[in-house]
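Engineer: Structure below; questions to follow.
The values are calculated or read from the model by the stated rules, or taken from the named source; none is laboratory data. Treat the numbers as computed from the prediction; the structure is a model and nothing was measured. Because the Cβ atoms are built from the backbone with ideal geometry, glycine has one as well, and the counts that use them run over all protein chains shown.
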Amino acid sequence: MSESYAKRAAELDAADELASVRARFVLDDVVYLDGNSLGALPRSVPGRVEDVVRRQWGSLRIRSWDESGWWTAPERIGDRIAPLVGAAAGQTVVGDSTSVNLFKALVGAVRLAGEGRDEILVDATTFPTDGYIAASAARLTGCTLRPVAPDEVPGAVGPRTAVVLLNHVDYRTGRLYDLPSLTAAVHAAGALVVWDLCHSAGALPVGLDEHGVDLAVGCTYKYLNGGPGSPAFLYIRRDLQARFDSPLPGWNSHADPFGMTPDFSPAPGALRGRVGTPDILSMLALEAALEVWDDVSVSAVRAKSLALTDFFLECVAAYVPQGAVESVTPSAHADRGSQVALRCQGADAVMRSLIERGVVGDFRAPDVLRFGFTPLYVGFGDVERAARVLAEVLAGEPAGAPV
Ligand SMILES: Cc1ncc(COP(=O)(O)O)c(C=O)c1O
């Protein structure tokens with residue numbers, strides 16, 4: 001049976017218009033399905049980091065803030081990410097972690113919402129950091145915090161809601177939420193929405209401008225391959241920028257940073273989302289990593305992502321004994337991000353065995369195997385092998401035995 005799926009995989013790989021992009025990454029014969037946690041290393045990065053360290057820092061030293069474009073890197077790299085999330089230039093800045101940007105966005109949104117709105121709704125299934133930050137933002141702003149399942153937001157948002165924080169793709173199940181309709185529902189109640197794009201930026205079309213999203217944040221170390229701890233991004237819709245009052249005003253978000261004045265006067269535009277000195281080494285590694293996207297469209301990535309996850313589900317259904325795993329990822333394309341999450345008994349140990357056999361995904365408590373599919377470097381042959389090795393592990397077969 002596996003021959004026919006292997007043959008299909010070879011045909012799909014031969015027809016894959018993104019197949020050649022894999023060569024832009026440093027990879028080996030491991031099937032790497034953890035790009036939804038840490039993206040692989042683009043080949044353009046090591047040389048750039050070497051140049052930034054040795055020449056820009058080592059030789060030019062302080063001159064690089066100007067001559068190597070260090071000072072303007074947050075907005076320049078923000079503008080490079082912008083088209084990947086459907087934003088026009090001038091609305092996105094890079095810097096700090098996702099958590100810190102969530103804090104800026106949430107408190108900023110409560111301040112934008114104004115008088116009489118004293119409630120924050122947060123995705124009840126959210127990645128934990130979002131929930132912690134939302135709770136603290138609520139305490140600081142005197143708001144109440146209400147966890148709500150994303151599907152129930154339209155019925156829960158009301159005249160007292162200041163802001164709703166939602167995840168575009170659920171980190172555990174891989175479920176994709178309907179950004180256009182949820183954004184419209186929040187706006188219909190007069191509230192603002194903050195979207196966490198960690199699991200969608202670089203994986204599927206987002207359409208921030210098209211759908212009138214207010215604020216958004218996302219990390220760059222997953223599908224954007226920026227490297228461990230690479231800086232996050234913050235999107236502030238253009239028409240909100242003049243009123244965006246950051247809870248973290250630093251000298252980098254000052255209109256005249258070198259004026260060194262005691263009073264704070266915010267910079268115009270998205271720049272007011274900056275805080276302090278940017279982490280240049282990580283930021284410029286990210287800038288090099290983004291070159292991978294120069295001739296790649298998000299729509300092509302999305303089409304391949306759905307084909308990969310479809311094929312994985314199909315191979316798993318064919319190879320794995322019925323009932324051994326249960327997919328918690330929606331089967332409808334409209335509801336699926338770029339990962340497949342399978343529940344199974346002993347998931348932790350199963351994932352350790354998979355990794356020993358060269359198939360790298362990850363485990364999320366209590367019983368979920370996560371497999372992330374980065375279309376830039378994952379092929380259909382990888383998918384078939386991953387499903388085959390999973391079946392071997394679940395059947396308790398020794399490594400390398402035929403399915
Ligand atoms: C949805 C989501 N939000 C936030 C984070 C993490 O934020 P930070 O970059 O601050 O670690 C993650 C990390 O995996 C995530 O999946």
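Engineer: Only one of 49, 30 is under 22 Å from residue 379 (Cα atoms), within 24 Å of the chain's Cα centre (by Cα) and surrounded by 13 or more Cβ atoms within 10 Å (Cβ to Cβ); which?
Structural biologist: None of the others qualify; the one that does is 30.
Engineer: Within the range 151-179, which residues are hydrophobic (A, V, I, L, M, F, W, C) and either in contact (Cβ under 8 Å) with a residue 40 or more places away in the chain or closer than 19 Å to residue 86 by Cβ (or both)?
Structural biologist: Within the range 151-179, 162, 163, 164, 165, 166, 169, 176, 179 meet the criteria.
Engineer: For residue 86, work out the one condition from (1) under 20 Å from residue 179 (Cβ atoms); (2) within 16 Å of the ligand (Cβ to nearest atom); (3) of a type outside the set (Ser, Thr, Tyr) it doesn't fulfil.
Structural biologist: Answer for residue 86: the failing condition is (2).
Engineer: How many residues, within the range 127-156, are over 18 Å from residue 248 (Cβ atoms) and in contact with a Leu (Cβ under 7 Å, 6 or more places away or on another chain)?
Structural biologist: Summing the residues that are over 18 Å from residue 248 (Cβ atoms) and in contact with a Leu (Cβ under 7 Å, 6 or more places away or on another chain) in the range 127-156 gives 5.
Engineer: Hey, can you tell me all the residues within the range 333-360 that are under 21 Å from residue 23 (Cα atoms) and small (Gly, Ala, Ser)?
Structural biologist: Once the filter is applied, which keeps residues that are under 21 Å from residue 23 (Cα atoms) and small (Gly, Ala, Ser), the range 333-360 yields 338, 358.
Engineer: Which members of the range 288-343 meet the condition of being among the acidic types (Asp, Glu) and in contact with a Ser or Thr (Cβ under 8 Å, 6 or more places away or on another chain)?
Structural biologist: Once the filter is applied, which keeps residues that are among the acidic types (Asp, Glu) and in contact with a Ser or Thr (Cβ under 8 Å, 6 or more places away or on another chain), the range 288-343 yields only 291.
Engineer: Give me a count of the residues in the range 207-250 that are part of a loop (DSSP other than H, G, I, E, B) and either out of contact with any strand residue (DSSP E or B) (no Cβ under 8 Å at 6 or more places or on another chain) or not charged (D, E, K, R) (or both).
Structural biologist: 28
Engineer: On to the next question. Criterion first (crowded, with 24+ Cβ neighbours inside 10 Å and in contact with an Asp or Glu (Cβ under 9 Å, 6 or more places away or on another chain)) does residue 206 satisfy it?
Structural biologist: no
Engineer: What is the residue count in the range 107-150 for residues that are assigned to a helix (DSSP H, G or I), of a type in the set (D, E, K, R), surrounded by fewer than 18 Cβ atoms within 10 Å (Cβ to Cβ) and touching a residue at least 24 places away in the same chain (Cβ under 8 Å)?
Structural biologist: 1
Engineer: Between residues in the range 279-306 that are modelled with pLDDT of 95 or more and residues that are among the β-branched types (Val, Ile, Thr), which pairs lie under 6 Å by C-beta distance while being six or more apart or on different chains?
Structural biologist: Going by the 6 Å Cβ cut-off, the qualifying pairs are 284/52; 285/45; 285/49; 286/220; 287/77; 288/45; 289/45.
Engineer: So in the range 269-306, with the set limited to residues that are of a type in the set (Gly, Ala, Ser) and farther than 22 Å from residue 199 by Cβ, which one is nearest to the chain's Cα centre (by Cα)?
Structural biologist: In this case the residue turns out to be 288.
Engineer: Out of the range 89-103, which residues are away from the ligand (no atom under 12 Å from the Cβ) and under 17 Å from residue 192 (Cα atoms)?
Structural biologist: 91, the sole residue that qualifies.
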